[in-house]
Amino acid sequence: AARERLDDRELLTEALMLGLRTAAGIDLAGLRARFGFVPAEPVQTRIGELEKAGLLIVEGERIRLRPGGLAVADSIAADLAP
């Protein structure tokens, strides 16, 4: 069976997409330690917009989806990915 090799950017995107689907959400500190990921200003702004829209919960370094955000999890992950 062929194995796909992902680069760091692809691994980060996968971590964002999978993390959003868990009850624990995304640990930004963990992503920073693992991938050097620090959300750029446009991404920070988008996180704030999604929180105000009631799709995300931001708790310190952790981002979780609210129930309404689950339906658009892929779109949100794409917004957060570098």
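So here's what we get for this one:
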{"quantity": "Hits in segment 36-52 (condition: open to solvent by 70 Å² or more (accessible area, probe 1.4 Å) and either within 16 Å of I76 (Cβ to Cβ) or within 12 Å of the chain's Cα centre (by Cα) (or both))", "calculated": "V38, P42, Q44, R46, E49, E51, K52"}
{"quantity": "Answer residue from segment 10-35, given it is of a type outside the set (A, V, I, L, M, F, W, C), in contact with a helix residue (DSSP H, G or I) (Cβ under 8 Å, 6 or more places away or on another chain) and open to solvent by 30 Å² or more (accessible area, probe 1.4 Å) and is modelled with the highest pLDDT among those", "calculated": "D27"}
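The values are calculated or read from the model by the stated rules, or taken from the named source; none is laboratory data. The structure displayed is predicted, hence computed values, not measured ones. Every residue, glycine among them, receives a Cβ derived from its backbone with ideal geometry; neighbour counts consider all protein chains shown. Calculation scope for accessible area: heavy atoms of the full protein, side chains included, ligands and nucleic acids excluded. Shrake-Rupley method; radii C 1.70, N 1.55, O 1.52, S 1.80 Å.
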